[in-house]
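The values are calculated or read from the model by the stated rules, or taken from the named source; none is laboratory data. From a predicted model like this one, the values you see are computed outputs, not experimental measurements. A quick note on method: Cβ atoms are made from the backbone with ideal geometry, for glycine too, and the neighbour counts reach across all protein chains shown.
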Amino acid sequence: MSGVNLAVLGATGVVGSEILNVLENSSIPINSIKMLSSARSAGKKVTFKGKEYTVIETTPKEFEGVDIVLASAGASTSKMYVDDIVKAGAVLVDNSSAFRMEKDVPLVIAGANDEDLKMHHGVVANPNCSTSQLMLVLKPLHEYAKIKRLVVSTYQAVSGAGKAAMDELRAHTEAEIKGESFETKAFVKPIAFNLIPQIDVFCDNGYTKEEMKVVNETKKILHLAENTPITCTAVRVPVFVSHSEAVTVEFEKPLDVAKTREILEKAYGVIVMDDIENKVYPTPTFTAGKDPVYVGRIRKDLAFDNAISMFVVADNLRIGAALNTVRIAEKLVEMKLVRNA
Ligand code: A2P
């Protein structure tokens, strides 16, 4: 036997299917792969690398002999099976928010903080989608000039809220155009021809959970001091795929536009798309289905002394979820941090 034994937990979901797509071209030497779901989808067929697999209902014994579990089945499912997975000697690469802020769980963006993988105890967490795309941009800038303050406003696609949300945007838009009434179900407010300044529930401080994920996860991934001033406003917009972010970042050391561009042009996973004279900058429909994080509108910020403002756009299902999950698994294998690597 050679290669690692994988299980995809939530193989029938939106992100699970994308994980399988990304895995098709992955460098991981795969010995075996198991497709796991709830009882609802058990027995369904899933195709991977031209071969048909029968989806299996998840039970603890399914993790025996598995080396890496790629999970995107929700926080409660991950919590339910984490002990079985770790007991089986596998590493859980988890897409949910279940373990992200736990001290002994590395929160990793491959290419940004791979070294943190070395302290894993059987669980590695994949950051929230809005944090993920931001990290590949901020990490190299932080290494050069040290982040002092960060202001982020997000414009988030509906696919971040799942398939039902995508279906509702389509149906509601069609209804509006025909002048028909429509009952909002998947969102707290109507989404068609609108935007919603609430993603997830509100916390005691008046911020939403989604906004606080950006604040807290950024500090954890970049190893920033707990009192680093970071603020975020997260807004749901009527876009199917790709999150956009208006980012203003103030630095300790001098950093001008030219140097910012130079650093980002060399950065892993980032493409600078910034030529305003020719109206070149990233937009969500352009980045959908693509792997890199795109950065444009790079300019000296007018509100802070030594700060840069920019517009960061990326496919939330790729770098924000499936792509980073698979990249983490690749790193675990490369760094020999899993069995059979
Ligand atoms: P199922 O297809 O059986 O519902 P999405 O976020 O797109 O809704 O997908 C969620 C994924 O997580 C699906 O593959 C779903 O399987 C799976 N899932 C949900 N609950 C469980 C559970 N309790 N055990 C295992 N898989 C689950």
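On the basis of being charged (D, E, K, R) and either in contact with a Ser or Thr (Cβ under 7 Å, 6 or more places away or on another chain) or farther than 18 Å from Ile319 by Cβ (or both), does Arg100 make the cut?
Numbers: charged (D, E, K, R): yes; either in contact with a Ser or Thr (Cβ under 7 Å, 6 or more places away or on another chain) or farther than 18 Å from Ile319 by Cβ (or both): no.
Judged against the criteria, Arg100 is not a match.
Do any residues in the range 244-259 that are without any contact (Cβ under 8 Å) to a residue 40 or more places away in the chain have Cβ atoms under 8 Å from those of residues that are among the aromatic types (Phe, Trp, Tyr) and surrounded by fewer than 19 Cβ atoms within 10 Å (Cβ to Cβ), where the two are at least six apart or on different chains, and which pairs are they?
Partner pairs satisfying both residue conditions: none exist.
Could you pull out the residue among Glu57, Glu18 that is within 19 Å of the chain's Cα centre (by Cα), charged (D, E, K, R) and within 16 Å of the ligand (Cβ to nearest atom)?
Working: Glu57 fails: within 19 Å of the chain's Cα centre (by Cα).
Checking each option against the conditions leaves just Glu18.
Quick one: Ala307 ticks every box in (1) aliphatic (A, V, I, L, M); (2) under 30 Å from Val93 (Cα atoms); (3) in contact (Cβ under 8 Å) with a residue 60 or more places away in the chain bar one, so which box is it?
(2)
Picking from Gly65, Gly50, which residue would you name as being farther than 15 Å from Arg327 by Cβ, away from the ligand (no atom under 13 Å from the Cβ) and either surrounded by 15 or more Cβ atoms within 10 Å (Cβ to Cβ) or under 23 Å from the mean Cα position of the chain (by Cα) (or both)?
Going through Gly65, Gly50 in turn, just one is farther than 15 Å from Arg327 by Cβ, away from the ligand (no atom under 13 Å from the Cβ) and either surrounded by 15 or more Cβ atoms within 10 Å (Cβ to Cβ) or under 23 Å from the mean Cα position of the chain (by Cα) (or both): Gly65.
Confirm whether Glu174 is outside any strand (DSSP E or B) and under 30 Å from Met80 (Cα atoms). Lay out the reasoning, then the answer.
Details: outside any strand (DSSP E or B): yes; under 30 Å from Met80 (Cα atoms): no.
So Glu174 fails the test.
Quickly run through the range 1-45 and pick out the residues that are loosely packed, with under 14 Cβ neighbours inside 10 Å and among the small types (Gly, Ala, Ser).
Those that are loosely packed, with under 14 Cβ neighbours inside 10 Å and among the small types (Gly, Ala, Ser): Ser2, Ser27, Ser32, Ala39, Gly43.
State whether the residues of the range 55-72 include one that is out of contact with any helix residue (DSSP H, G or I) (no Cβ under 9 Å at 6 or more places or on another chain) and either modelled with pLDDT under 95 or assigned to a strand (DSSP E or B) (or both).
Yes, the range 55-72 has at least one match.
Report yes if Ile30 is closer than 24 Å to Ala165 by Cα, more than 8 Å from the ligand (Cβ to nearest atom) and in the same structural domain as Ser72 (by TED's automatic domain parsing), otherwise no.
no
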